[in-house]
Structure formats: C-alpha cells, structure tokens
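Chemist: Below you'll find the structure I mean.
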Amino acid sequence: MLGRAGSCDPVHWLSHGSMGGTQSLALPLGKGPHHVGCADVMVGHTQQGLFLRLFYPCVPRAGAEQPLWIPRYEYCSGLADFAHCSRCWCAPLLNLTIGSCRVPVSWNGPFKPCSSGYPLIIFSHGLGAFRTLYSSVCSELGSWGFVVAALEHRDHSASMTYFCTAEAGREEWIPYRRVPQGQKEFYFRNKQVHQRAEECVRVLRLFKDISSGKSVTNVLRQDFDLSVLQDSIDLTKVAVMGHSFGGVTAVLALVKEPSFRCAVALDAWMFPLENVLYPEVPKPVLFINTEKFQTPESIAKMKRLSSRNSQTKIITILRSVHQSQTDFTFLTGKLISRIFSARGTLDPYKGLDITSRAALAFLQRHLNLEEEFDQWDNLLEGIGDSVVPEAPFCRSNL
C-alpha cells in the first residue's frame, strides 16, 4: 500500500494478496567512472550511537564479495511487522524469496584515496525502511565520486535495527513503533524527524573526527579501517539526502547544521515538519517527486521553500510511484508487480537515471564541484523526457 503525503509515509510492500514466485534483484551497476565499495559502520555501544552503510569509490578487485541486500533475517521479521503480517509465515517467506539477493558492489572493497577529497552525502531512509533499501541510488552516486553514508535511524522508524552492547556478542534490537493509540500522529512523527535530523548531524561530526585523525572504532570489527578516509573526504562539500520521511529529515537537517550546503529530497513526506521552521530553512533543496504520492497540500509546503529561495527546485517524474525511488522497484517477478505495488509504468532504470542525474546536477551547482554534471541542468527545470516542473496532478495515467 502506498501512503498519501500528509497522512502517512509507509514504505509498505506487502499489502495485497498472497506471495510466491521466483524473485531476483536486478540492481544496476553504477554508470560513473568509479567502482563502488561498501562497508557497514557502527559507532558506540548504546542506542545513542550510529549505524550506517558506507558506499564509496574503491579499487576494483577480482572475485570481490557482494553484500546481501537484506543483511539479516531479523530485517525480514521487521518488514513483516511493519506490513501487519504474521512473522510466523511472512518472515520465512520473505527470507526465501529475497533473502539471497545481493548488491553489485565490492563488500569492504579497498578504498580509493582522493587527495582533493570526495564530497560527502548523508542519506536518510523512509519510514519502515533501513540502510540497505536505497542501494541503487547510493551506489550510483558512489560511482560518480561521492562517499555516501546511508544511515539506519534508531528512532523506531526503521522496520528493524540494532546496536551492539558493551557486553561481548550481545545485540539489542530496536523494532518499528507505530503511533500510540490516542496520540496525534503529527506530534509522534515530529519528535522522530528531529531525532533523525540530529542523527544526520552526528554522522557529519563522525566524519569530522575521522578527518582530524581521531581514532574511531567500528564495533562491528569489519575489514574496513575508517582511518583510510582521513585525507580523502572534503568536509566543505557535504549534502544531505533522503526519501519520504528521509526527505523531510534532509530538509530539517539544513536547519540544524550550517555545514550542510544543500538537500536532495526524494518524494518528501512534509507532514511531520512544523510550520514555524519553514522560514528557517537556509539552503537550497531539490525536491524530486513521483507522480502518485504527493498531494496539493504537500506541494504547497515545498513551494513555501521555493518561494523564499530561487535555487530550491521542484520536479516530478511522470509514470512513477512512491516505491520507484527505492530498490524494491528493481525486484523482478510477480511478487513485486502484484504485491509490493513498487512500480509505475516508467522503466525503473530510466527512473534511476533521472533521479541520479538531477541530483548530480544540483550537487555540482551547490557544492561547487568541478565535474560535468551540469550537462543535466535541464532536469532541474523539469525539462526532459518523463519529467515536468513542479507537480502537475492527473497529468498521465499509470
């Protein structure tokens, strides 16, 4: 079931009928000049720590392992809970159908140093998602020379997450939490979006610590040494990005942290942001919307920002749905088309091209990058095949 902006923000993939059939995840390789590596990073032994998946330019190596898309069985249980399905049958079935899907990047691949420093993007997931479900767009950006830190939020908005306690080998899981009965959704979600934005700020501080030479321990003890990043990230060129609940998180992060120079909001769910903060958003935002999620009320909130800043842009990708900006749109098989409602009629690879190219053009403009991403500047004005400016409602039939 897809949510309507202003009322709910589900990344809700299991809403109709029965499940079955062979599934494969046809995530594309990045089109940029860099091979992409990937590593998980967990800092701290409490819920106030950080957990993220890092995508980065890497040195290619033969026979490199590719990471699982759904990293642990517990995430299947979390997706089942989020979707109001029984863990008893849904979690094993999810694990059977999509549990072996892999992401086409090099797991813990050797980091490719960059003396001039890669720009940094901090990515915030949507409601009910987690750090791996946007691997397509994160790895695409990594292939063009960005380091992307895909957060897994601990505000109970992820379908499931965890942290490792100081006691060796012990994990504490943090499940998705619904709006408590009798509590207004705005107040519940508003508290979450502030925690999420503050987590984005803490990720930036983590990279500042690494760049200053401070020793940072990855409690997951993986074969990726964070110190290799020390002289290869340009912390004057940092953006924040997200989808849905993560889109509005990115907007709020601009208010909380002056070092964020711009935001890219994919189909942002504007509902949780309080009205008093709109005049406080100091930097430009690129809103990349899908055709079938936004409402006039939500677009009006985006226009409050574009009316104050001529560099804030709003575009809509035609024939796309809310899930078109997640990895679920790249799953093949009847499970997706009939169950997950994850595709519009636009080819998902074309949708990713539009999303990533528009983002790259915007990032070049506002991070002052010396690249050739300005070749896609027309997309920022809504000019191009399958893209229009702002939000023309009822323009096409999906």
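Chemist: Run the simple label-point estimate for Glu370 and Arg221 please: 7 Å along Cα→C-beta, distance reported in nm.
Modeler: 4.4 nm
Chemist: How many percent of DSSP beta bridges within the chain run antiparallel, rounded to 5? List each step's numbers first, then the result.
Modeler: Numbers: 26 of 52 bridges.
Beta bridges within the chain, antiparallel portion: roughly 50 percent.
Chemist: What is the magnitude of the charge dipole of the chain about its Cα centre, with +1 placed on the Cβ of each Lys and Arg, -1 on the Cβ of each Asp and Glu, and no other charges, expressed in debye to the nearest 20? Walk me through the numbers on the way to the answer.
Modeler: Working: 40 positive and 36 negative charges, 145 e Å.
I would put it at about 700 debye.
Chemist: Moving on. Over the chain, with a Gaussian network built from C-alpha contacts below 10 Å, which listed residue (Glu65, Glu171, Glu257) shows the highest mean-square fluctuation?
Modeler: Glu171
Chemist: Kindly provide the helix-only [θ] at 222 nm of the chain, computed as the sum of -39,500 (n - 2.57) over DSSP H runs of four or more divided by all residues, to the nearest 500 deg cm²/dmol? Mind showing how you got there, number by number?
Modeler: On the way: 8 runs with 105 residues, N = 398.
The helix-only estimate for the chain comes to -8500 deg cm²/dmol at 222 nm.
Chemist: Of all DSSP beta bridges in the stretch 98-251, what percent run antiparallel (nearest 5)?
Modeler: Looking only at bridges with both residues in the stretch 98-251, the antiparallel portion is about 35 percent.
Chemist: Follow-up. For Ala26 and Gln48, FRET efficiency with R0 = 51 Å and r from the beta-carbon atoms, rounded to 0.05? Intermediate values should be presented prior to the final figure.
Modeler: Values: r = 38 Å, r/R0 = 0.74.
In this case the efficiency is close to 0.85.
Chemist: Could I ask something else about it? Hey, can you rank 195-205, 117-127 by average C-beta count inside 10 Å, highest first?
Modeler: Packing proxy ranking, top to bottom: 117-127, 195-205.
Chemist: Take the Cα pairs of the stretch 69-204, get the Kirkwood Rh, then feed it into Stokes-Einstein at 10 °C and 1.306 mPa s and tell me D in µm²/s. Walk me through the numbers on the way to the answer.
Modeler: Numbers: Rh = 16.8 Å.
In µm²/s, the coefficient rounds to 95.
Chemist: Another question, then. GNM, the chain, Cα, under 10 Å: largest mean-square fluctuation among Phe51, Phe130, Phe373?
Modeler: Taking springs between Cα atoms under 10 Å, the residue moving most is Phe373.
Chemist: Please report Rg over Rh for the stretch 37-139, where both radii come from the alpha carbon positions and Rh follows the Kirkwood definition.
Modeler: Numbers: Rg = 15.6 Å, Rh = 15.4 Å.
Rg/Rh: 1.02.
Chemist: Order His45, His84 by their accessible area, 1.4 angstrom probe, all chains in place, largest first.
Modeler: Values: His45 85, His84 130 Å².
Per-residue accessible area, sorted high to low, gives His84, His45.
Chemist: A follow-up question, please. Can you give the Rg to Rh ratio for the stretch 91-139, taking only C-alpha atoms and Rh from Kirkwood? Could you put the intermediate results ahead of the total?
Modeler: Details: Rg = 14.8 Å, Rh = 13.9 Å.
Computed over Cα atoms, the ratio is 1.07.
Chemist: Rg over Rh of the stretch 31-75, using C-alpha atoms and the Kirkwood radius, what does it come to? Could the numbers behind the result be given before it?
Modeler: Numbers: Rg = 13.6 Å, Rh = 12.8 Å.
Computed over Cα atoms, the ratio is 1.06.
Chemist: If you put +1 on each Lys and Arg Cβ and -1 on each Asp and Glu Cβ, how big is the dipole of the stretch 91-235 around its Cα centre, in Debye rounded to 20?
Modeler: Values: 16 positive and 14 negative charges, 86 e Å.
The calculated dipole for the stretch 91-235 is roughly 420 debye.
Chemist: Continuing with this model, one more query. Normalized C-alpha radius of gyration of the stretch 196-285, against 2.2 N^0.38 Å? Numbers along the way, then the final one.
Modeler: On the way: Rg = 14.8 Å, N = 90, 2.2 N^0.38 = 12.2 Å.
For the stretch 196-285, the normalised Cα radius of gyration is 1.22.
Chemist: Then there is this: Specify, per residue and in Å³, the volume enclosed by the convex hull of the alpha carbon atoms belonging to the stretch 191-349. Please list the in-between numbers first.
Modeler: Details: hull volume 25.0 nm³, N = 159.
Per-residue hull volume (Cα only) is 157 Å³.
Chemist: Using only the heavy atoms of the protein chains and a 1.4 Å probe, how would Leu277, Leu151 rank by accessible area, largest first? Please report the intermediate quantities before stating the final value.
Modeler: Working: Leu277 25, Leu151 5 Å².
Highest to lowest solvent-accessible surface, that is Leu277, Leu151.
Chemist: Which far-off residues, 5 or more places away or on another chain, put their amide H under 5 Å from the one on Ile233, with H placed in the peptide plane?
Modeler: Residues meeting the amide H criterion: Tyr118.
Chemist: Note down the magnitude of the dipole of the stretch 209-249 about its Cα centre, charges +1 on Lys and Arg C-beta and -1 on Asp and Glu C-beta and zero elsewhere, to the nearest 20 debye. Present the calculation step by step, with values, prior to reporting the outcome.
Modeler: Details: 3 positive and 5 negative charges, 29 e Å.
Dipole size: approximately 140 debye.
Chemist: For the stretch 105-175, just run the numbers: alpha carbon Rg, then divide by 2.2 N^0.38 Å, N being how many residues it has. List each step's numbers first, then the result.
Modeler: Values: Rg = 14.7 Å, N = 71, 2.2 N^0.38 = 11.1 Å.
Its radius of gyration relative to the 2.2 N^0.38 Å reference: 1.32.
Chemist: Something else now. Compute a Gaussian network model of the chain, connecting alpha carbons closer than 10 Å, and tell me which residue from Gln222, Gln183, Gln192 fluctuates the most.
Modeler: Comparing Gln222, Gln183, Gln192 in the GNM, the peak value goes to Gln183.
Chemist: Which of the DSSP-defined H helices in the chain satisfy a minimum axial length of 24 Å, computed from C-alpha atoms, and a minimum mean Kyte-Doolittle hydropathy of -0.5?
Modeler: Helices meeting the span and hydropathy rule in the chain are 348-367.
Chemist: Also, quick follow-up: Quick query: amide H of Ile122 versus all other amide H atoms, modeled in the peptide plane; which residues come in under 5 Å with a sequence gap of 5 or more or a different chain?
Modeler: Ala149, Ala239, Val240, Met241
Chemist: For the stretch 138-264, count the residues as N, evaluate 2.2 N^0.38 Å, and divide the Cα radius of gyration by that value, please.
Modeler: It is 1.17.
Chemist: To continue, here is another question. Sorted from largest down, what three extents in whole angstroms do the Cα atoms of the stretch 246-318 have along their principal axes?
Modeler: Extents along the principal axes: 33, 22, 20 Å.
Chemist: Further question on the same structure: What are the residues whose amide H is under 5 Å from the amide H of Tyr162, where those residues sit 5 or more places off or on another chain and H is modelled from the backbone?
Modeler: The answer is Ile174.
Chemist: Something else now. Using the reciprocal of the averaged 1/r over all distinct C-alpha pairs, how large is the Kirkwood radius of the stretch 239-279 in Å? Mind showing how you got there, number by number?
Modeler: Details: mean 1/r = 0.1007 Å⁻¹.
It is 9.9 Å.
Chemist: Using only the alpha-carbon atoms of the stretch 202-243 as identical scatterers, what base-10 log of I(q)/I(0) does the Debye formula give at q = 0.14, 0.28 Å⁻¹?
Modeler: The Debye formula, applied to the Cα set alone, gives -0.36, -1.05.
Chemist: When the distances between all Cα atoms of the chain are binned every 20 Å from zero, what whole-number percent does each bin get?
Modeler: Percent of pairs per bin, in order: 30, 62, 8.
The values are calculated or read from the model by the stated rules, or taken from the named source; none is laboratory data. As the structure is a computational prediction, the values presented were derived from the model and not from experiment. FYI the Cβ positions are ideal-geometry reconstructions off the backbone, even for glycines, and counts take in every protein chain you see. These accessible areas exclude ligands, DNA and RNA; they are computed on the full protein's heavy atoms, side chains included. Shrake-Rupley method; radii C 1.70, N 1.55, O 1.52, S 1.80 Å.
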